[in-house]
Amino acid sequence: MRSVAVIGPNADAVSIMGGGSAEVTPYPSATPLEALREAFGPDVHVTHERGCDIDRSPRPVGSVGLRAVDGFTVELFGGPELDGVVVDRSQTERLRLFHFGVPHPGVEEGKWSMRVQGGVVTEETGVFTFALAQVGGARVLVDGNVVLDGIASP
């Protein structure tokens with residue numbers, strides 16, 4: 001065998017169980033496409049075509065197709081308007097953040113804010129749709145311009 005064609009969006013995504021609280025992220029994780037390439041080795045050419053998407057949800061930034069350039073910097077402030085002391089700073093590769101209650105022992109409920117910054121590279125050109133799921137207020141800015149305003153229009 002000299003070549004294998006893999007077709008479908010889930011071939012190049014780690015997709016285990018459901019989303020939200022049912023989601024499990026294994027460590028280490030590999031997509032089926034990565035596993036096939038490793039199993040067949042360098043002598044077999046494995047190609048992939050995404051085909052049609054079956055998931056109606058937008059892909060999280062940092063997932064397949066929306067690569068984080070250097071990850072994302074997450075800053076947690078001890079004030080409600082990106083003010084106060086930065087009580088925590090971390091890095092993440094994927095923008096799918098869940099917080100139940102206060103996200104850090106250094107902040108009070110309802111008296112904290114978070115800023116996430118980073119760059120994204122797409123694997124293909126085209127028109128992109130941004131989505132924001134939130135509890136409370138949030139905004140999405142691209143190059144300094146508000147593209148989703150969950151504070152003015154929750």
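With the structure loaded, tell me whether V102 is part of a strand (DSSP E or B), surrounded by 12 or more Cβ atoms within 10 Å (Cβ to Cβ) and modelled with pLDDT of 80 or more or whether it fails that test. So V102 does not fit the description; no. For region 67-77, what are the residues that are out of contact with any Pro (no Cβ under 9 Å at 6 or more places or on another chain) and modelled with pLDDT of 90 or more? Matches in region 67-77: T73, V74, E75, F77. Taken over region 137-150, the criterion of being surrounded by 12 or more Cβ atoms within 10 Å (Cβ to Cβ) and either assigned to a loop (DSSP other than H, G, I, E, B) or outside the structural domain of V74 (by TED's automatic domain parsing) (or both) is satisfied by G137, A138, G150.
The values are calculated or read from the model by the stated rules, or taken from the named source; none is laboratory data. For clarity, every value in this text was computed on a predicted model and none was experimentally measured. Every residue, glycine among them, receives a Cβ derived from its backbone with ideal geometry; neighbour counts consider all protein chains shown.
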